[in-house]
Amino acid sequence: MFGNAVDAAIAAVSSLLLEVSSNPKPGNVDREHDFPDLRYEHFIMSSVSSFPIFLEIGMGKKRFGEGVFELIKNSKRWHKAENVHFGAFLLLTPLVHSWGDVEKAKRFVEESDYTDSLMIKKAFDLSRARVMETKELSLKDGVEEEIARKKIGVREWMEMAPKENFIAAELVNGYELSVKGSKLIFEYFEKFGDPNKAIVLTFVTFLSELLDPLNSEERD
């Protein structure tokens, strides 16, 4: 848990920068591997530009959905790519709001309402992120009317996602994988004394245990 909103915002930006800079990460952009439409520099600019919005979130000035939307909106001011950090922003917003307190982050998710869901859908449309297909209320569908009519909050919406959608699962289950990943990073760092190796080994450990559905599609 961090001491103030500034610390929480710095931690969020640092986590984004360290993650994209770690190398090698199979199937992901890193400092030595780009995709034709998505480059390392896109993630760097998105990470750095997110600081003022994370700071406002940490200061309690943004609701869940508004925070995610403003993060995507500001990120898009600094690059022209699509599918940059939507999932990361969705996951980090409650943690920054709570200054890293997982229990408070869980309550922040649970207390969200349908207006947050609508703003997250708006953020998704702006980011044009890649997501899994789902039978109910897919992000790819025009679901705004149903969300508003049924007043579906974020947690309820995420419960409808496929079990392989780990971002949704984290929001529903209270950051179980994130807590495990945090412990793994520190264990690997203590063992090897190398932050890059610690992040990569944590990534590979999860990759060996969990199917990454977005990496199952081959890219040239």
Could you give me the residue pairs with C-beta distances under 6 Å whose first residue belongs to the stretch 163-178 and is under 19 Å from residue 96 (Cβ atoms) and touching a residue at least 24 places away in the same chain (Cβ under 8 Å), whose second residue is of a type in the set (A, V, I, L, M, F, W, C) and surrounded by fewer than 19 Cβ atoms within 10 Å (Cβ to Cβ) wherever it lies, and which are 6+ apart or on separate chains?
-> 170/177; 175/102
Of all helices (runs of 4 or more DSSP H) fully inside the stretch 23-95, the set with 1 or more residues that are within 30 Å of residue 151 (Cβ to Cβ) is 51-58, 64-76
State which residue pairs qualify: first residue in contact (Cβ under 8 Å) with a residue 24 or more places away in the chain and inside the stretch 47-63, second residue of a type in the set (Lys, Arg) in any location, beta carbons under 7 Å apart, and separation of 6 or more residues or different chains.
-> 49/77
Residue in the stretch 5-38 that is surrounded by the fewest Cβ atoms within 10 Å (Cβ to Cβ), counting only those that are over 17 Å from the mean Cα position of the chain (by Cα) and within 17 Å of residue 94 (Cβ to Cβ) = 7
From the list 20, 48, which residue is touching an Asp or Glu at 6+ places or on another chain (Cβ under 9 Å) and farther than 25 Å from residue 115 by Cβ?
-> 20
Mind checking whether some residue in the stretch 123-138 is out of contact with any His (no Cβ under 9 Å at 6 or more places or on another chain), within 20 Å of residue 63 (Cα to Cα), at pLDDT 90 or above and buried (at least 20 other Cβ atoms within 10 Å of the Cβ)?
-> yes
With respect to the numbered conditions (1) surrounded by fewer than 19 Cβ atoms within 10 Å (Cβ to Cβ); (2) touching a helix residue (DSSP H, G or I) at 6+ places or on another chain (Cβ under 8 Å); (3) under 25 Å from residue 194 (Cβ atoms), which one is the sole condition not fulfilled by residue 41?
-> (2)
At pLDDT 90 or above, out of contact with any Pro (no Cβ under 8 Å at 6 or more places or on another chain), surrounded by fewer than 15 Cβ atoms within 10 Å (Cβ to Cβ) and of a type outside the set (A, V, I, L, M, F, W, C), is that true of residue 111?
-> yes
Inspect the stretch 187-201 for any residue being out of contact with any helix residue (DSSP H, G or I) (no Cβ under 7 Å at 6 or more places or on another chain), at pLDDT 95 or above and outside any helix (DSSP H, G or I) and give the result as yes or no.
-> yes
For residue 20, the lone unmet condition from (1) of a type outside the set (D, E, K, R); (2) outside any helix (DSSP H, G or I); (3) touching a strand residue (DSSP E or B) at 6+ places or on another chain (Cβ under 8 Å) is (2)
Check 166, 186 and return the single one that is touching a Gly at 6+ places or on another chain (Cβ under 9 Å) and not charged (D, E, K, R).
-> 166
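When you go through 2, 51 one by one, which is the residue that is surrounded by fewer than 20 Cβ atoms within 10 Å (Cβ to Cβ), among the hydrophobic types (A, V, I, L, M, F, W, C) and modelled with pLDDT under 95?
Values: 51 fails: modelled with pLDDT under 95.
Of 2, 51, the one residue that is surrounded by fewer than 20 Cβ atoms within 10 Å (Cβ to Cβ), among the hydrophobic types (A, V, I, L, M, F, W, C) and modelled with pLDDT under 95 is 2.
The values are calculated or read from the model by the stated rules, or taken from the named source; none is laboratory data. A quick note: this is a predicted structure, and the numbers were derived from the prediction, not measured. Every residue, glycine as well, gets a Cβ built from its backbone with ideal geometry; the counts of neighbours run over all protein chains shown.
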